[in-house]
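So the structure is just underneath, and the comments pick up after that.
Taken together, the values in this text are just the output of simple stated rules run on the coordinates, not laboratory data. All values derive from a computational prediction rather than experimental measurement. All Cβ positions, glycine included, derive from the backbone under ideal geometry; neighbour counts span all protein chains shown.
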Amino acid sequence: KYAKLLLDKIIVTKDEKNPQHSFVINIGENYGYGKTSFFNFLKEELKETKVRIISFDYKPWLCDNANAIITEFFQTLRNELKLYNPQLDKKINNYTKLLLKDCTRQVGLSYIGTLFNSSHTLKEEHDEIANTIKNINMPIIIFIDDVDRLQNDELMVLLKLIRDTADFANIFYILA
């Protein structure tokens, strides 16, 4: 019942009149109280709905550091969304490189050379991705389970990632 109610809210929120909406929902409870089961109910409801929705899982707890959390998130996003707009593959790749440029100076000259090939600022790259995702015109649900497996600094990276750098319209984050 609650899974259907949540899915209906996402569908109603994403409408033609106001495609700017998106939100984050945290399903918070102690270990063993059914958060993953609730995700499974949501995924079953997704199969039943007649509305086209893109959905996929992201598992930040598999990453071993903050840069990996960011890189893996955007790689997952690229892989899932390039099916709906192939331009997103390159745009998200460029955006990720710009995001990580200060954190990856030790990578070497070959990486730094790729940064100078970008003629856009971080905001311009973000806005291009946002417009392209908006034009997909389908709600995108990203399930992030087992957030409690993250260390405090990793959790902060994930939350800042969602709030500051991946805050695109049409994307609905559901965390447990």
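Listed here are the pairs K9/K101; K47/K97; K35/K90; K82/K160; K134/K160; which of them are more than 32 Å apart at the Cα? Flagged as over cut-off: K9/K101; K47/K97; K35/K90.
In this simple spin-label approximation, M138 and F56 carry label points 7 Å from Cα along the Cα→Cβ vector, and these lie 1.2 nm apart.
Placing unit charges on the Cβ atoms of the charged side chains and taking the dipole of the range 114-176 about its Cα centre, the candidate lying farthest along the positive direction among A169, H120, N152 is A169. Dipole of the chain computed with +1 at Lys/Arg Cβ and -1 at Asp/Glu Cβ about the Cα centre; of P86, L6, L62, farthest Cα towards the positive end is P86. Taking a point 7 Å from the Cα of K4 along the Cα-to-Cβ direction, the residues of the range 38-80 with backbone N closer than 18 Å to it are 38-52. Would you work out if the chain is rounded, prolate or oblate? Take a ≥ b ≥ c from the square roots of the eigenvalues of the alpha-carbon gyration tensor; rounded if a/c is under 1.5, else prolate when a/b is larger than b/c, oblate otherwise. Note, shape of the chain comes out oblate. Evaluated with a Cβ-only charge set (Lys, Arg +1; Asp, Glu -1), the chain carries a dipole of roughly 380 debye about its Cα centre, given to the nearest 20.
Within the chain, the longest run free of chymotrypsin sites (Phe, Trp or Tyr not before Pro) that sit in a DSSP loop with at most 10 other Cβ atoms within 10 Å is 32-115.
Using only Cα atoms, tell me the angle between helix 122-136 and the longest principal axis of the chain; keep it within 0 to 90° and round to the nearest 10. In the chain, helix 122-136 runs at an angle near 40 degrees to the longest axis. In this Cβ point-charge picture (+1 for Lys and Arg, -1 for Asp and Glu), the range 1-101 has a dipole of about 300 debye about its Cα centre.
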